[in-house]
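Okay, so here's the structure we're looking at.
The values are calculated or read from the model by the stated rules, or taken from the named source; none is laboratory data. All of these numbers come straight from a predicted model, not from anything done at the bench. Here the Cβ positions follow ideal geometry from the backbone for every residue, glycine too, while neighbour counts run over all protein chains shown.
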Amino acid sequence: MPIFYECQRCTACCRWPGQVRLTDAEIARIAGCLELSEHEFIQRHTRLTQDRRGLALQEQSNGACIFLAGNDCAIQSVKPQQCRDFPNLWRHPEAETQCRAIPHLVGDEEYVKQVAQVTGRTVESVRELLRSRQ
Ligand code: SF4
Ligand code: SF4
């Protein structure tokens, strides 16, 4: 039975080291939401990824994501897919000790439906992604 993780919005995952990669579509969407041109958004809020092959969100001086404001994401409605997919479609060792998401054992269909809902993906794309990982 799959485990669906119910996020508690503690924002720990917005504070630990790492990088939030951005696609071109996400850059356009976030820039639009902030009423910035894509060029302005890239200059002000992004940096090169560690492999220097793309762009990621900048960090604050304490390492937290540039868009973490108190205990909220300042770009919640347009946040990158990488953020939406955590912690159900990807996890890493830090998640096991610091993420406060509540695990629920659910049936296969329920799992796909709930993951689609929290990630903003379609049910079909979640199914396809899970199939590709088998
Ligand atoms: S974009 Fe929002 S959800 Fe993603 S790491 Fe930054 S503050 Fe967190
Ligand atoms: S995914 Fe986990 S670490 Fe991130 S906000 Fe939700 S409960 Fe907190």
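Check the range 97-114 and report whether any residue there is closer than 27 Å to LEU130 by Cβ, hydroxyl-bearing (Ser, Thr, Tyr), touching a residue at least 12 places away in the same chain (Cβ under 8 Å) and more than 16 Å from ligand 1 (Cβ to nearest atom). Give the steps one after another, and end with the answer.
Of the residues in the range 97-114, the ones closer than 27 Å to LEU130 by Cβ are 97-114.
If we keep only those that are hydroxyl-bearing (Ser, Thr, Tyr) as well, we get 97, 111.
Cutting the leftovers down to touching a residue at least 12 places away in the same chain (Cβ under 8 Å) gives us 111.
Applying the additional criterion that residues be more than 16 Å from ligand 1 (Cβ to nearest atom) yields 111.
There is at least one residue in the range 97-114 that is closer than 27 Å to LEU130 by Cβ, hydroxyl-bearing (Ser, Thr, Tyr), touching a residue at least 12 places away in the same chain (Cβ under 8 Å) and more than 16 Å from ligand 1 (Cβ to nearest atom).
Within the range 19-37, the residues that satisfy the criterion of being surrounded by 15 or more Cβ atoms within 10 Å (Cβ to Cβ) and either farther than 13 Å from VAL78 by Cα or within 16 Å of ligand 2 (Cβ to nearest atom) (or both) are GLN19, VAL20, ARG21, LEU36.
Name the strands (runs of 3 or more DSSP E) wholly inside the range 39-134 in which the number of residues that are aliphatic (A, V, I, L, M) and surrounded by 14 or more Cβ atoms within 10 Å (Cβ to Cβ) is 3 or more.
55-57
Number of residues in the range 13-22 that are in contact (Cβ under 8 Å) with a residue 60 or more places away in the chain and more than 10 Å from ligand 1 (Cβ to nearest atom): the value is 1.
Restricting to the range 80-129, name every residue that is hydrophobic (A, V, I, L, M, F, W, C) and either modelled with pLDDT under 95 or closer than 17 Å to ARG15 by Cα (or both).
CYS83, PHE86, TRP90, ALA95, CYS99, ALA101
Using the structure shown, decide if GLU6 is in contact with a strand residue (DSSP E or B) (Cβ under 7 Å, 6 or more places away or on another chain) and surrounded by 12 or more Cβ atoms within 10 Å (Cβ to Cβ). It is true that GLU6 is in contact with a strand residue (DSSP E or B) (Cβ under 7 Å, 6 or more places away or on another chain) and surrounded by 12 or more Cβ atoms within 10 Å (Cβ to Cβ).
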